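See structure below.
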Amino acid sequence: MAKDPTLQYITEVKGNVTAEQAIATLQEHQFFLDTDPNIISSKTDTQPKDGKLHPIPEAIQAIQKGDTRCYEVLDKVPVVALFSKLLPGLATITNHYQITNTKDGIFVYLQAALGVSQERRWAVVEDKDGLRIVEYVTTFCSRLLYESVKGQQEANWKGVHAQYVRKMGGEVGDQSTS
């Protein structure tokens, strides 16, 4: 099982958007799910397959707001050669999300097909340089799948962040990774 070093995606939010507005937008769970480029449908309030929530990291527990909500998402299988080989004949897969609101955004645990999981932290950061969305992504999967999963993430993050900024009523500024 490969553990990815945490990737970080940053988008500047330009315009008259307050931190409170930005956080409220990040905490719209259905909007988060709908930004998935492969989504077909989602169900709310489902429980994890094994009935146990993924443990929330201590750093997130310290800033947690409210209970974790669970979602089941039906996705199209991404058009990636490796996924097509490993999931022959399947057009859809079911992924399970656990979303926890935090003081500055959300924490998301994704349990996906083929043993892939991710911990994703979305935060609104405001400082002298302005307002930014910062997304941290740690992926857990086999080494065989890692580059394909990372490639899907890399191909879509800018568009997803832009959807959020527009929903906040702002304009997309610089976007970067680290």
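A few remarks follow.
This table checks each residue for (1) touching a residue at least 12 places away in the same chain (Cβ under 8 Å); (2) surrounded by 13 or more Cβ atoms within 10 Å (Cβ to Cβ); (3) under 18 Å from the mean Cα position of the chain (by Cα).
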| site | (1), (2), (3) |
| --- | --- |
| E12 | yes, yes, yes |
| L26 | yes, yes, yes |
| L33 | yes, yes, yes |
| D36 | yes, yes, yes |
| I39 | yes, yes, yes |
| K43 | yes, no, yes |
| P48 | yes, yes, yes |
| L53 | yes, yes, yes |
| G66 | yes, no, no |
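- Identity of the residue in the stretch 110-122, of a type in the set (A, V, I, L, M, F, W, C) and within 11 Å of the chain's Cα centre (by Cα), that ends up surrounded by the most Cβ atoms within 10 Å (Cβ to Cβ): W122
- Every pair of residues 6+ apart whose Cβ atoms lie under 8 Å, when the first sits in the stretch 132-161 and is farther than 14 Å from L110 by Cβ while the second is of a type in the set (A, V, I, L, M) and part of a loop (DSSP other than H, G, I, E, B): S142/M1; S148/V80; G151/V80
- The set of residues in the stretch 14-24 that are crowded, with 16+ Cβ neighbours inside 10 Å and either without any contact (Cβ under 8 Å) to a residue 60 or more places away in the chain or farther than 23 Å from Q64 by Cβ (or both) contains only V17.
- Residue that is farthest from the chain's Cα centre (by Cα), among those in the stretch 136-178 that are among the aromatic types (F, W, Y) and more than 18 Å from F32 (Cα to Cα): Y146
Every number here is computed from the coordinates shown, using simple stated rules; none is lab data. These figures come from a predicted structure and were not determined experimentally. Here Cβ is always computed from backbone atoms with ideal geometry, including for glycine, and neighbour counts include all displayed protein chains.
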